[in-house]
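The values are calculated or read from the model by the stated rules, or taken from the named source; none is laboratory data. None of these values were measured; they are calculated from a predicted model. All Cβ positions, glycine included, derive from the backbone under ideal geometry; neighbour counts span all protein chains shown.
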Amino acid sequence: MTHDIYQITLPTPYAVGDVHSYIIKNDMITLIDAGVHTKEAWEAFNQQLKTLNLQPKDIDQIVLTHHHPDHIGLVGRLDHIDKIYGHSLVHKWLTRDEEYLQLYLSFFNELYSKWGVPEHFQDIERALKYTLKFSTQSALTNVLKEGDSIPGMEGFVVMETPGHAESHISLLNKDTNEFLAGDFLLKHISSNPLLEPPLQKGEERPKPLLRYRESMKRVLKYSFSNIYPGHGEIFSDHQKLIRDRLVKQEKRAYKVLDYIRETPSTPFEVCQYLFPKHYQTQFGLTMSETVGQLDYLCSIGEIEQVTDDKLIRYTARHSLTTR
Ligand SMILES: [Zn+2]
C-alpha cells in the first residue's frame, strides 16, 4: 500500500519553536497531531493545507502522538472529524477530565512541598491554566494501544513510547520502516521526560526518565528509515542518537551523584545546583529533569530517599571508596 507523508509546520508560543503535524495520504487523509490553539497556528494550518490542495474538511481522521498542547491544540477546531485516535490519557486532557485535573494539581502541590520547593514556585494552577489555554476541548473516539493498527493507515502500527509524556505513542510503518516519532525522538534537542501524576490517586508516580530510557533502548533494534519528528528536521540513524543521549544522561546523573555525596539534598536544591541559570524561568522543565536524574540514581542503587516529617532528601548509599 503506497502512501505519501506531508509535513505541516506551525508556530507555537513556546521556547521549542515550531511544531510539525503530518498529513498521511493513504485510503484516507489522516492528520498526525494538531498544532497549538492560536490564531497564527490555525491560519498557517489552513494555508499549508491549501498548498496540498486540501481544506480542513478533507481530513478524515486525526491521530495524536501525546497530550501536550502543541500537539492537540487545534483538534476542537476540526469538529467535523468523527475519528480521533490517541492514548487513553490523551482523552482525559482533551475532555479536561475534572477528576484527573484535580489529581494533577494535588499531586504537584503535595510533592513540591515535600521536595523543598519554595511557595512562590508552587503556582501549579496558573501553569495548568496556561497549558489549557493553548488547546481546545474535544474527545477521543478511539483509544490506541501497543500493536494497534488504524483503518486508513495501512502498514502502520502503534508503539507505546512513554517518557516525554505517559501518553506518548509512535507509529511505525512495517513495510517502509518510516517512523512517526512525535516528540519521542528529536534530532536537535533531547526531549524532556516530564513529571506526571499517576493515573489513580495513591498509586506510585511514573518515573519519566526511566520510562524514556526504556522506550529509547527498545527501539535500538529497529532499522527506521526516515524519522518524522514533532520538532526539528526529518532524520535517520536513530541508534547513534540514542546511544549518545543515554551516555550524556548518565554523565549528568553522576554529576548529581557527586553533589549529593557532598551534600544530601532535596530535589529543589539539586535543581538549583544543576540549573542555576534556568531553574527560575523554566521551573517545571528543570524540576522534571532533576527528579529524572534522582530516579535514575535510585534505580541503579547509588542514592536513596530519606524522609523526615516534612521534606524528602536524597543521600548517597556508598562512600567514594566502595564505588
Ligand atoms: Zn511538542
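Within segment 39-59, restricting attention to residues that are touching a Ser or Thr at 6+ places or on another chain (Cβ under 9 Å) and surrounded by 19 or more Cβ atoms within 10 Å (Cβ to Cβ), the residue that is nearest to E178 (Cα to Cα) is I59.
On inspection, P197 passes the criterion of being touching a residue at least 40 places away in the same chain (Cβ under 8 Å) and either in contact with a helix residue (DSSP H, G or I) (Cβ under 9 Å, 6 or more places away or on another chain) or among the aromatic types (F, W, Y) (or both). The single condition from (1) in contact (Cβ under 8 Å) with a residue 40 or more places away in the chain; (2) assigned to a loop (DSSP other than H, G, I, E, B); (3) charged (D, E, K, R) that E203 fails is (1).
If you check F107 against the conditions, is it under 27 Å from V291 (Cα atoms) and either in contact with a helix residue (DSSP H, G or I) (Cβ under 8 Å, 6 or more places away or on another chain) or more than 16 Å from the ligand (Cβ to nearest atom) (or both)? The answer is yes for F107.
Is there a residue being within 15 Å of the ligand (Cβ to nearest atom) and either part of a helix (DSSP H, G or I) or at pLDDT 95 or above (or both) anywhere in segment 150-161?
Going through segment 150-161, the residues within 15 Å of the ligand (Cβ to nearest atom) turn out to be 161.
Next cut, either part of a helix (DSSP H, G or I) or at pLDDT 95 or above (or both) only: 161.
For segment 150-161, residues within 15 Å of the ligand (Cβ to nearest atom) and either part of a helix (DSSP H, G or I) or at pLDDT 95 or above (or both): present.
Of the numbered criteria (1) over 14 Å from the mean Cα position of the chain (by Cα); (2) closer than 19 Å to V291 by Cβ, the one P197 fails is (1). Looking at segment 60-70, which of the residues that are in contact with a strand residue (DSSP E or B) (Cβ under 7 Å, 6 or more places away or on another chain) and either farther than 15 Å from L144 by Cα or not hydroxyl-bearing (S, T, Y) (or both) is surrounded by the fewest Cβ atoms within 10 Å (Cβ to Cβ)? Applying the filter and picking the extreme gives D60.
Just one of the listed residues (P162, P118) is within 25 Å of P208 (Cα to Cα) and within 19 Å of the chain's Cα centre (by Cα), namely P162.
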